[in-house]
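Okay, so here's the structure we're looking at.
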Amino acid sequence: MAHRIEIALKDNVRDARGERIRSEIEHFLDVPVKQVRTIDVFTVDAGLTAAELELAAAGPFSDPVIQDFAIDVPIGRNFDFVVEVGFRPGVTDNVGRTAKEAIEYIIGRPFREGEGVYTSVQYLFTCGLDLKEMEGIATGLLCNTLIQRYQILDHASFVAQKGMQAYVQGCRSRHRHC
């Protein structure tokens with residue numbers, strides 16, 4: 001089963017990446033946006049225990065001084081729309097590959113064939129925009145659709161489906177949540 005580890009800056013920590021994205025949206029797309037916060041997502045498709053997932057989340061994936069993490073529950077809150085951007089199947093995910101190696105080091109064993117770690121970024125928007133405008137932001141600035149996939153949810157849909165679903169690149173098994 002695939003697990004999601006979500007890493008977010010604490011509320012009192014400035015999100016410079018989110019501020020840069022907000023500025024670029026206003027500058028390049030001429031769309032006013034009040035706030036953008038970002039969350040890093042690691043989808044771990046491996047047979048790990050809860051303790052091993054906790055070690056990864058608390059260890060190499062996050063900094064406890066400035067970040068919070070959540071495993072298999074959404075960490076995002078207080079937004080109008082969320083856009084999640086990750087790689088399409090077949091595209092090399094170097095950060096995911098490095099994350100996999102870090103987990104292997106921490107747990108003291110290699111992943112099995114077909115197991116992996118996949119990364120994505122969530123952009124949480126406070127904006128007063130509609131879905132069509134969000135689609136324009138996603139395809140116009142956040143995502144290179146040749147190599148990346150994206151998903152957009154409004155806050156109500158996000159809450160109803162309990163966050164974003166785990167996405168595993170190239171999932172071939174009917175027994176995994178893909």
Return, ordered by residue number, the residues of the range 11-48 whose backbone nitrogen is under 17 Å from a label point located 7 Å along Cα→Cβ of Val65.
11-16
If you average over every viewing direction, what projected area does the convex hull of the Cα atoms of the range 2-160 give, in nm²?
9.7
Taking 0.36 nm per residue of separation and subtracting the Cα-Cα distance, what length does fully extending Glu26 through Asp130 add?
35.9 nm
Need one number: nm distance between label points at Asn12 and Arg88, each 7 Å from Cα along Cα→Cβ, rounded to one decimal.
4.4
Cut-off under 17 Å on the C-alpha distance; same-chain residues fewer than 8 positions from Lys10 excluded. Which aspartates and glutamates are left, in chain and number order?
Glu19, Asp40, Asp63, Asp68
Compute the angle between helix 16-29 and the longest alpha-carbon principal axis of the chain, please, reported from 0 to 90 degrees and rounded to the nearest 10.
40
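Where a number appears in this text, it was derived from the coordinates with a stated rule and is not lab data. Quick caveat, the model's predicted, so the values are computed rather than measured. Glycine also receives a Cβ, built like all others from the backbone with ideal geometry; neighbour counts cover every protein chain displayed.
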